[in-house]
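See below for the structure under consideration.
The values are calculated or read from the model by the stated rules, or taken from the named source; none is laboratory data. If you're wondering where the values come from, they're calculated on a predicted model, not measured in any experiment. Reconstructed Cβ throughout: ideal geometry from the backbone, glycine too, with neighbour counts over all protein chains shown.
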Amino acid sequence: MIHSISCKNFYSLGEENTLSFVVNDNAPKNNSYFTTPLGTRLSKVETIIGPNASGKTNLLKVIPFLKWLIVDSFEMNPQQALPINCFALNEHKSLPTEISVVFEIERGVYTYSFTLNKNKITSEDLRLVSMANEKKSNKKMFSRSWNEGINSYELDDANFDLPKGSETLLRSNASVVAVAIRLNHKESQDIANYWQKLETNVGPVGWVGGHGIHNTIQQAMAFKFYSENDKLKKAAEKMLSRFDLGLNAFEIEKSKNPNDFLMNVSVSHSFGDEKVNLPFDQESSGTKQLFVLLKHILVALEKGGIAVLDEFDVSLHPDMMLALFDMFIEPELNPKNAQLLFSTHSHQILSKLDKYQIILIEKNSKGMSESWRLDEMEGVRADDNYYTKYLAGAYGAVPKI
């Protein structure tokens, strides 16, 4: 479970921005919130609202970047630059990026922090809050920092129990956990298991496969997944039937050549007593988007992970978007308390949210993205009509036209 993320000098996010799922007892007592095993109250959903080019995607991709850095960075060539960009203007061009996350798994609540630039991770720190004999324990698991004087890292891993000799494998462009996973380090594997539950259409550097509704890469990934997971394929078909699109099933035919990844996909439509199969290419943009989104959503719900989805509303009717959103709220559909973080221009969603679940973002006069949660603003009441007030400009983060 994600508690919060923070970043500084990360793409357009020049100064520190924090996105938090944590709420206090003032938040409503309803199904969109839950309490973690260690007693923290979290929201299941957060939405990011703001004008075009305000930094919504940059804020979203903090989580995919963290997943890559924590789990997958060891796969990179040791001499390769880190896939990160700092704020491109003023003195920030020469400053490092700072990024951190607070997340909870069975072991406890971790805070994982990095300072880095394109050339190297300059500092890395992992802390753990856990319960021991009904008392909270807070300890540093490890830290490492780059020492220019000796041209090497100083490592303190007294509480992390890294395998002997692992120091020689540590790299400047891979996290300690990413290295330790390859050495079968149990705690690192437990951390990785959580981060592998991330479902997203945003990669560490932008949209997966490029930005656009007719993204054939994301569609191919979704259908490959459905072809290998019959249970969730049936769940997707059930949801598609529920949405009354006139379709009730889809068939995936793989190429007979084992080295060929091509798939033919047809969709079964029923109109009265008549049934017909049509090529997937003939489906509407909204239906294509729905197939991809359902894959992300159903996997997140099954695993109890987090879905990070940019432009959640693209080509979808507002009522359909609300139905997908509700899948995270309804306890019977989300028994593992999966989380949803998304951006949207469909502002009707504001009528479904509390002020603790709305993140606003805009660019300041220096071109930096600034974000804040609506409950941080003075005078915002729990019974306000957030939709009408936002459109009226009462909260900011609207286009200046």
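Just one of the listed residues (S270, S285, S315) is surrounded by fewer than 22 Cβ atoms within 10 Å (Cβ to Cβ), among the small types (G, A, S) and in contact with a Gly (Cβ under 6 Å, 6 or more places away or on another chain), and it is S315. For F21, the criteria (1) surrounded by 16 or more Cβ atoms within 10 Å (Cβ to Cβ); (2) within 21 Å of N173 (Cα to Cα) hold in every case but one, which is (2). K197 satisfies every condition listed in (1) charged (D, E, K, R); (2) under 25 Å from V292 (Cβ atoms); (3) in contact with a His (Cβ under 9 Å, 6 or more places away or on another chain) except (3).
Listed by position, the strands (runs of 3 or more DSSP E) enclosed by the stretch 229-343 that each have at least 1 residues that are in the same structural domain as V45 (by TED's automatic domain parsing) and modelled with pLDDT of 80 or more are 306-309, 339-343. In the set (1) closer than 24 Å to T200 by Cα; (2) surrounded by fewer than 19 Cβ atoms within 10 Å (Cβ to Cβ); (3) in contact with a Phe, Trp or Tyr (Cβ under 7 Å, 6 or more places away or on another chain), the condition left unmet by H345 is number (3).
Sub-7 Å Cβ pairs linking a first residue in the stretch 117-140 that is in the same structural domain as F160 (by TED's automatic domain parsing) and under 15 Å from F103 (Cα atoms) to a second residue that is basic (K, R) and not in a strand (DSSP E or B), at least 6 apart or interchain, are L128/R107; S130/R107, ordered by first then second residue. Against the list (1) under 15 Å from the mean Cα position of the chain (by Cα); (2) surrounded by fewer than 20 Cβ atoms within 10 Å (Cβ to Cβ); (3) of a type in the set (K, R), the condition R41 fails is (1). Every condition in (1) in a strand (DSSP E or B); (2) among the aromatic types (F, W, Y); (3) under 19 Å from N31 (Cβ atoms) is met by W372 except one, and the failing one is (3). Taking the condition within 23 Å of F34 (Cβ to Cβ) and touching a helix residue (DSSP H, G or I) at 6+ places or on another chain (Cβ under 6 Å), does L301 pass? When the stated conditions are applied, L301 does not pass them.
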